[in-house]
1. Considering the zone a paramagnetic label at residue B:40 would reach in this model (a point 7 Å from Cα along the Cα-to-Cβ line), which residues of the stretch B:210-228 have amide N under 17 Å from it?
2. If packing is taken as the average number of other Cβ atoms within 10 Å across a peptide's residues, how do B:95-101, B:226-232, A:83-89 rank, most packed first?
3. Once R0 is set to 51 Å, what does the formula 1/(1 + (r/R0)^6) return for the Cβ-Cβ distance between residue A:136 and residue B:87, expressed as a FRET efficiency to the nearest 0.05?
4. Which order do the peptides A:243-250, A:361-368, A:175-182 take when ranked by the mean count of other beta-carbon atoms within 10 Å per residue, highest first?
5. Place a point 7 Å from the Cα of residue A:115 along the Cα-to-Cβ direction; which residues of the stretch A:41-59 have their backbone N under 18 Å from it?
6. Scale the Cα Rg of the stretch A:282-371 by the rule-of-thumb value 2.2 N^0.38 Å and send over the ratio, two decimals.
7. So how tilted is helix A:39-60 from the main axis of chain A? Cα-based, degrees 0 to 90, rounded to 10.
8. What ratio of Cα Rg to 2.2 N^0.38 Å holds for the protein assembly as shown?
């Protein structure tokens, strides 16, 4: 199928729109989850949604998305409260509490699923698709439910932006200002649960946490402002959603959710490696340039020391003398410095081998290096 | 929060108690498990003083600030700020927490952090605008950080972080300021800048309660002192309260800590009392919470 046909396809358009919507909401709320060090909470909420889906089906008697999502939201929030309770009332740390709640709710969910599946006439419910998501099952009416949920979530974040910002950065100070920190905590967690529930049909329980964590982690690499991190995370999320859904539609049979997560992982990997100030590569290059700068300065200083010691401004030092003064081999550094016109190579007959002399430009570079911590110029 | 019923009984304004004191604390007790962190603390701080809260490690100095500000659950006690219960006094209180309390890699700029001091006053649904930005800029100038307004907070030194937090409290325009170790681990420039601002605040008639670690500078910097070691051992004007005897009672007779801090003649009056204070000695060796 080529792109034009794809874009005209009703089902494909529905799936792509749903995936984009999910990407935006999970990007924005994932930003808060990650910055609050609650990355794993999304995973717990997603797994905890499973029993709610089954219960929603049992109550509604059919596969009605609003009922399933309402059940999912309720059981996810219940799991979040259980985590909060465990942390507050017992000596459990957050990660252990999250792990316990996650597996407990997931186990109950799987049991309920098998129970529903075993009931007569319920075989076609296809609830097991919520484990890994099944994008193709999304109907246009489902899309409206998703859009309404997404609208509520995004409007809440916009309305409570400054409160969420402060509670995320400095909850103690927020409490000192008189903000209702506990209420804001619960609200933010509930909104994360909404994002999770939005993704159940598309991405499924198992991979949902990636939708929350990856866009935020990728976006954080590129900017230092909270608002921009959230917007960028939404863009990464939406782009991955569209990309995954389109590729999946083009190559029938490939699961949409995992493709979306793969696209997200690519964005994240690229951001972790290439982002200008925080990326691994720029950081490594900067460190290398620093080291090179130190080496250059050491060699220039050694030449300077040697000529002072000989009381001869034009003194040319033997390579071995420079090595000994610096403390390690300096051949390569001397040759780069020569290329940059900071030192020159001279024959010093009748002795064997080459000698090195500090030039005026080298002297100037040494002077500049003394003024500040920066390496001599001309080498990045 | 304790005393909710009493607050309702007092009507919309709430009850007024000891309005002539900037801070009035009765029977404040905080326990972690069975171990008391603060025991029956009574505190009276008159307005317009700069009070140092000093005491050994684990004496509950930070806990005292947190308990007064309602940031940690209390077992017993009442707190009045300017004669008002905490809930009605929030707008008159400024707080500078320890700078290590937050993640400085958070994606935000110095000016944004300072603006956060106005979030309590702004109210729901209102975004900080040009007026709030101006207030934040003025506060940054006061702490000598005007040039850093657009700096990402991860790039600040410890002293600059502390000054940023101080500026955030300044925009609160409070009557009573609570500061938790504002001079701990900061460079000389920052310490001087912070001290200048604190003295200015006192000169404006505001009250400051400062958790302080440096016994040497209590006399030169503060005019009021609270000696704390789970209980309040002494409180009052520095000249009459900051004595060797009181310090010894607070620090359990650790003379090395006291050298130079107190009156040298008072230090020479015999060996320090080796017996620890019986009020909290039984709790030693209890497992930490």
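1. B:228
2. Ranked from most to least packed, the peptides come out as B:226-232, B:95-101, A:83-89.
3. With R0 = 51 Å, the Cβ-Cβ based efficiency is 0.40.
4. A:243-250, A:175-182, A:361-368
5. Within reach of a label on residue A:115: A:48-59.
6. My calculation over the Cα atoms of the stretch A:282-371 gives 1.08.
7. The answer is roughly 10 degrees.
8. Output field value: 1.24.
Readers should treat all values here as calculations from the given coordinates under stated rules, not as data from a laboratory. Source: prediction; values computed, not measured. FYI the Cβ positions are ideal-geometry reconstructions off the backbone, even for glycines, and counts take in every protein chain you see.
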